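Notes to accompany the following structure.
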Amino acid sequence: DAAPGDPGRFAERIAAAGAAVTRVGDPAALPGAVAAVLARHRAGRVVVPRDLDPGLRPPGVRLVPDDPPLDDDALAAADAVLTACALAIARTGTIVLDHAAGQGRPALTDRPGLHVCVVRRDQVVADVPDAIARLLGATTPVTFVDPSGIGPDPVEGARRPRRLEVVLAP
């Protein structure tokens, strides 16, 4: 079993790399906090995985389910994507997606310019070996979102979000 990580350290590391972090203390406040993050970016059209937890869906936001899967042009035209994650790594500030429930397929998170990712505190592990230990046996693709890799594409044809917002949830 993976060692628990320090959510505060994760937040510090990912913020130092340029991602914004919104901390939520009350589970009931989570949808409103997500809505506020999206409003701050004027995100009017937000793509979500078809199986995103209803408790993460913000009020008053136009959500576009990726069901059936949207094409590349529709994803690129979206203002943002909202997902959950599998894990977060405190030591590196990395988000891990295993593209299971609430995380969507890999293309979903690298086309829109803004990725808003909800990370629960119990999903934070200490370091990369702990993340690997928890991912053993995964049968889906795994994506490590390195916050230092967020920003303008360094290579022509590379795709990734230019902005990352993390909502650190209870």
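The values are calculated or read from the model by the stated rules, or taken from the named source; none is laboratory data. Everything numeric here is computed off the predicted structure, so don't read it as measured data. Glycine also receives a Cβ, built like all others from the backbone with ideal geometry; neighbour counts cover every protein chain displayed. Just the protein is used for accessible areas: all its heavy atoms, side chains included, with ligands, DNA and RNA removed. Shrake-Rupley method; radii C 1.70, N 1.55, O 1.52, S 1.80 Å.
Looking at the chain as a GNM with Cα springs under 10 Å, which of 55, 104, 44 has the largest mean-square fluctuation?
The residue that fluctuates most here is 55.
Sorted from largest down, what three extents in whole angstroms do the Cα atoms of region 44-122 have along their principal axes?
35, 25, 20
Tell me what the chain gives for mean residue ellipticity at 222 nm when only DSSP H runs of n ≥ 4 count, each as -39,500 (n - 2.57), the sum divided by the residue total, rounded to 500 deg cm²/dmol.
After summing the helix terms and dividing by the residues of the chain, the value is -6500 deg cm²/dmol.
Hey, can you find the accessible area per residue of region 100-150 for me, probe 1.4 Å, expressed in square angstrom? Working shown, then result.
Working: 2150 Å² over 51 residues.
For region 100-150, the per-residue accessible area is 42 Å².
At a 1.4 Å probe, what is the % contribution of carbon and sulfur to the accessible area of region 45-124? Intermediate results must be reported in sequence, preceding the final value.
Working: 1440 of 2920 Å².
Whole-percent figure for carbon plus sulfur exposure: 49.
Take every DSSP beta bridge with both residues inside the chain and express the antiparallel ones as a percent of the total, to the nearest 5. Present the calculation step by step, with values, prior to reporting the outcome.
On the way: 7 of 29 bridges.
Percentage antiparallel, nearest 5: 25.
Would you work out the relative contact order for the chain, in percent, from Cα pairs under 8 angstrom that are 6 or more residues apart? List each step's numbers first, then the result.
Numbers: 377 pairs, mean separation 54.6, N = 170.
In percent, rounded to a whole number, it is 32.
Between 25, 60, 137, which gets the highest mean-square fluctuation from a Gaussian network model of the chain, Cα cutoff 10 Å?
So, out of 25, 60, 137, the one fluctuating most is 137.
Given contacts defined as C-alpha pairs under 8 Å and at least six residues apart, what's the relative contact order of region 1-98, whole-number percent? Don't skip to the answer; put the middle values down first.
On the way: 117 pairs, mean separation 34.3, N = 98.
It rounds to 35 percent for region 1-98.
With +1 on the Cβ of every Lys and Arg and -1 on the Cβ of every Asp and Glu, and nothing else charged, how large is the dipole of region 1-95 about its Cα centre, in debye rounded to the nearest 20?
Working: 10 positive and 12 negative charges, 92 e Å.
Rounded to the nearest 20 debye, it is 440 debye.
If you average the C-alpha positions of region 69-104 and of region 22-50 separately, how far apart do those two centres end up, in angstrom?
Result: 14 Å between the Cα centres.
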